[in-house]
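The values are calculated or read from the model by the stated rules, or taken from the named source; none is laboratory data. All values reported here derive from a predicted model rather than from experimental measurement. All Cβ positions, even for glycine, are placed from backbone atoms using ideal geometry, and neighbour counts span all protein chains on display.
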Amino acid sequence: MDQTLADLLQLLDLEKIERNIFRGQSHDIGTPQVFGGQVLAQALAAANMTVKRGVVHSLHAYFLRRGDINAPIVYQVDTARNGLSFSNRRIVAIQHGKQIFNMTASFQIPEDGLEHQAAMPDVPGPDGLLDITDARSGELDKWPERLRRFLEIPRPFHMRPVQRTGVRGSESVEPVKYVWMKAVDSLPDDLPLHQVLLAYISDMQLLGTTILPHGDLSLIRDRLQMASLDHAMWFHKPCHVDQWLLFAYDSPRAAGARGLARGQIFDQSGVLIASTAQEGLIRLRR
């Protein structure tokens, strides 16, 4: 298996230190704090280890403090309910004696029912599109050092944006973005694992959709403070993150130094497998 993907799987294999208490480490993806998707995925992995029947169908989370990359994270799981069809868990992530994150997740024993779904956007497939790192390799010397480092670190997922954006946003554009993603190597056929990994990548590229209408970002990037505030996700169908998935993002509103972004995640056959939403801080420092 590709080493970056193997390292991620090891990161999500939490250490059990007490009943319903687990410990995880962090890895550096080129950001000054722990990547939010990592905490989201580890919290879901911790909850999974306390659920005997059913798979996750929804989660709702809040990011409370920046995570320290150099310190372990302790996850405490409250087994709020074990029902006949649904179970519920509340997960709290702690670092240095303080909560940095909390999440509620609901699990359901799979069953059949009524179905309908939104249509998949009519966009080019992943074949022939450049990866996010390839698309910008010729521009890296123009990017600020922290962004250049973020793009240069090897990743466990391919990311191929349908629309290309350069170092200068030049003009305001519609707050809509399409990105194809998949793991860089094959994975075991384990649904809870694929759901955990889908949670991990659901935090990538999402909040950036909220700033697309705001012109030449190179002029304000040093003044722009961005951070995830909350994250919600609904799992509609089984997923395979080692196959191409289309992440269709849009942002209906930004106000009060916050931006709301939504995402629909489709497989290549057009099945809507998951939906997500996030509100984040998009503050311009004075």
Regarding A105, is this residue in contact with a Phe, Trp or Tyr (Cβ under 7 Å, 6 or more places away or on another chain) and either surrounded by 13 or more Cβ atoms within 10 Å (Cβ to Cβ) or without any contact (Cβ under 8 Å) to a residue 40 or more places away in the chain (or both)? no
Report yes if some residue within segment 198-219 is without any contact (Cβ under 8 Å) to a residue 24 or more places away in the chain and part of a loop (DSSP other than H, G, I, E, B); otherwise report no. no
Under 7 Å between Cβ atoms, which residue pairs at least 6 apart in sequence (or on different chains) link something in segment 122-134 that is touching a residue at least 60 places away in the same chain (Cβ under 8 Å) with a partner that is in a loop (DSSP other than H, G, I, E, B) and surrounded by 15 or more Cβ atoms within 10 Å (Cβ to Cβ)? V123/V162; P126/W244
Within segment 89-114, the count of residues that are within 19 Å of F235 (Cβ to Cβ) and either polar (S, T, N, Q) or outside any strand (DSSP E or B) (or both) comes to 9
Boolean, S170 is touching an Asp or Glu at 6+ places or on another chain (Cβ under 7 Å), within 20 Å of Q10 (Cβ to Cβ) and either at pLDDT below 90 or assigned to a loop (DSSP other than H, G, I, E, B) (or both): no
Out of segment 239-267, which residues are among the aromatic types (F, W, Y) and either assigned to a strand (DSSP E or B) or in contact with a helix residue (DSSP H, G or I) (Cβ under 7 Å, 6 or more places away or on another chain) (or both)? F247, Y249, F266
Log entry, pairs with first residue in segment 174-197 being under 15 Å from D13 (Cα atoms), second being of a type in the set (F, W, Y) and surrounded by 19 or more Cβ atoms within 10 Å (Cβ to Cβ), beta carbons closer than 9 Å, six or more apart or on different chains, reads Q195/F235; L197/F157
Could you give every pair whose Cβ atoms fall below 8 Å, whose first residue belongs to segment 73-88 and is assigned to a loop (DSSP other than H, G, I, E, B), and whose second residue is aromatic (F, W, Y) and loosely packed, with under 14 Cβ neighbours inside 10 Å, counting only separations of at least 6 or pairs across chains? none
Single residue of segment 247-258 satisfying the filter (under 14 Å from L206 (Cβ atoms) and of a type in the set (A, V, I, L, M)) that is farthest from the chain's Cα centre (by Cα): A254
Search segment 1-57 for residues being part of a loop (DSSP other than H, G, I, E, B) and hydroxyl-bearing (S, T, Y), and hand back the single one that is modelled with the highest pLDDT. T50
Looking only at residues that are within 17 Å of M103 (Cβ to Cβ) and among the small types (G, A, S) in segment 27-41, which one is surrounded by the fewest Cβ atoms within 10 Å (Cβ to Cβ)? G37
Here are some residues: A274, A232, A255. Which one is surrounded by 14 or more Cβ atoms within 10 Å (Cβ to Cβ), out of contact with any Lys or Arg (no Cβ under 9 Å at 6 or more places or on another chain) and not basic (K, R)? A232
Within segment 268-282, track down each residue that is free of Cβ contacts under 8 Å to residues at least 12 places away in the same chain and part of a strand (DSSP E or B). none
